[in-house]
Structure formats: C-alpha cells, structure tokens
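Here's the structure we're looking at; comments come further down.
The values are calculated or read from the model by the stated rules, or taken from the named source; none is laboratory data. Since the model is a prediction, treat every value here as computed from it, not as a measurement. When we count neighbours, we look across all protein chains shown, and the Cβ atoms used for this are built from the backbone with ideal geometry, even at glycine. These accessible areas exclude ligands, DNA and RNA; they are computed on the full protein's heavy atoms, side chains included. Shrake-Rupley method; radii C 1.70, N 1.55, O 1.52, S 1.80 Å.
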Amino acid sequence: MTFGARVTRAMAERGPFCVGIDPHSALLHAWGYDDDVAGLEAFALGAVEAVAPHASVVKPQSAFYERFGSRGIAVLERVIAESRAAGALVLLDVKRGDIGSTSQAYADAYLDPASPLASDAITISPYLGFGSLLPFVDTARRHGAGLFVLAATSNKEGPEVQEALTTDEFGGRSVASAMLDHLRELNAGATPLGSFGAVVGATIDGSGLDFALNGPILAPGYGEQGGTSGDILRIFGASAHHVLPSSSRGVLRLGPDPVAMRDAVLRANDELRGLLG
C-alpha cells in the first residue's frame, strides 16, 4: 500500500492531527529529567506511549536525538519502531537534501525497510534543485514510502528563498509555487492520494499558492505557535482535508502526564474533524 493510501486511511480512522516528538532540553527538564540519554529515553518513549495509539502521524525531529550521538540514534530507532507498533505512521523530520549518491544514501537510511531508521515518510529540502530529489522519489516509490518537501515555511528567513522568482521556462512563478507544481506532477493520477507532500506553515499568508497537489500537506505551527483550525481553512481552502496540522510543544508541555497528552491529541482531532469534515 502506498503512503498516500496509508495516510488517507490513518486520517480517516484517527483524525489529521500530527504530534511532534521533539526532546528539547527545556522539555526534558520540565518533565523532571536530566538532559542526557537516560532523560531522552524516558521522555521520548513516555511521549510515544501516550500519543502514538491515538495520533494518525507522529513526527520525531531527528536533530534532538542526534545530539546525543549513537545512543541518541538508538533511542530514535525505538521511537520509530514503537510508534509504528502502536498504529501511528512515522514521519521522520530530517530535512535532508543533497545530490546523487549522497541523496540515495539518505533515502536508503530513512526509507528502506531494511534500515533500523526506516520510516513511513520523511521531510526533505529541495534547495539544490528539485531534480536532486529524484533518488528520494524513486526510493519512496519502490518502498511505498512518502516525502514531504519544504515549500512555504513560516520561519521569518524563508521568504528570501521561497518567494524568489524562478528563471526557468516558467519564469515569474515563485520558488514555492515551483515546488508545489513539481509535487502536483508527481501525484498526478494517484488515488486516493499521492505520496508526495508539501511542508507549508500553518501561519503563512498563503495567497497566490495553489495547494491542490493531490498529496498530503504537513502544516507545522498549529496550536502553540499560533496556527488555528481557522487558519488551516483560510490557507488551504478545498485542500484542507489533506492537511496534517502539526504541534509538538502544545502536547508535550502537558507531560509527563500521559492522560493529559492523550486527551490533547483526542481534542485536537475532534476539533479538526468537526471543522474540516
């Protein structure tokens, strides 16, 4: 089954809310743990136990595990495995992007089922040119995995690149529009949904961008960072039912209480389902 089909089913069964599992140092301390590997493990696996049985997608940010070296990566492997065992899809937030054999090696590391880091989907960066992502695309297709390509992010530095105008044969469109056009092409004809998605901030303006790409859209910034359900409708319009609004701190700050975290996930899904249909 393709990632597009799996994420469509997961969203229908559990709701569209995506939970980030990002072990910030401050959050570890807030939970009463030291900022070390033992604290990382207790925090991350506690979060998985609370949210993975109820969220359609969980999104661990690789950097917060990598900072502890090989032992942190071992914890990340457990987060991926235990989240999937609980029925959640895992979107590994790695934002990789390179060329040639290096892209292929990244793709194998995160998308090949033989890898201990194999996930259902990953985030990737297209800013060495969209064509540089073809090893990721081919590998995702081969293994039924998904990709989320950075398109229109909400960080203040993003517009310097994403709103710049292209100079290709379609000169005059923004770089963000070009990324969405590429994704539209990759997803053409896919049912019930393509496997190639975009990353679009839940607090951006969104005007002038066409989000009808027949693929999933990850919308970080929902909740604690200011994005609302109304913003999801405002930005994405008819494509809102393909959006995965994502929050990390809004759920994790409720820990280590597993019931409070679980209830936050259930409330978010109920709210989003009620508004987005």
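Observations
- Residues of the range 125-156 with an amide N closer than 16 Å to a point placed 7 Å from the Cα of A114 along the Cα-to-Cβ direction: 139-140, 142-144.
- Counting heavy atoms of the protein chains alone, E160 has an accessible area of about 150 Å² for a 1.4 Å probe.
- Heavy atoms of H182: accessible area, 1.4 Å probe, square angstrom to 10: 60
- Spherically averaged projected area of the convex hull of Cα atoms, the range 59-171: 8.3 nm².
- Against the set (i) 97, 39, 35; (ii) 104, 69, 34; (iii) 55, 43, 37, the structure's computed Cα extents along the principal axes in Å falls on (iii).
- Nearest 10 degrees, 0 to 90: helix 37-51 Cα axis against the chain principal axis: 70
- H242, H29, ranked by accessible area, largest first (probe 1.4 Å): H29, H242
- Inter-label distance for D168 and A86, nm, one decimal - labels placed 7 Å from Cα along Cα-to-Cβ: 4.0
- Positive dipole terminus of the range 14-142, leading residue within L128, G20, A109 (C-beta point charges): L128
- Mean-square fluctuations from a GNM of the chain, with a 10 angstrom spring cutoff on Cα atoms, peak among I99, I73, I232 at I99.
- For the chain, a Gaussian network of Cα nodes joined below 10 Å ranks G100, G206, G72 by mean-square fluctuation, and the top entry is G100.
- The residues of the chain present an accessible area of 41 Å² per residue when probed at 1.4 Å with all protein chains retained.
- Considering only beta bridges that DSSP places wholly inside the chain, some 5 percent are antiparallel.
- Antiparallel bridges, percent of DSSP beta bridges restricted to the range 140-277 (to nearest 5): 5
- Among A176, A86, A52: highest mean-square fluctuation, GNM of the chain, C-alpha pairs under 10 Å: A86
- Which of K59, K95, K156 is most accessible, then next, and so on - probe 1.4 Å: K156, K95, K59
- Distance between the C-alpha centres of the range 135-211 and the range 223-277: 22 Å, rounded to the whole angstrom.
- Long-range amide H partners of L89 with built H, under 5 Å: V57, V58
- Ligands, DNA and RNA aside, T139 has an accessible area near 0 Å² when probed at 1.4 Å.
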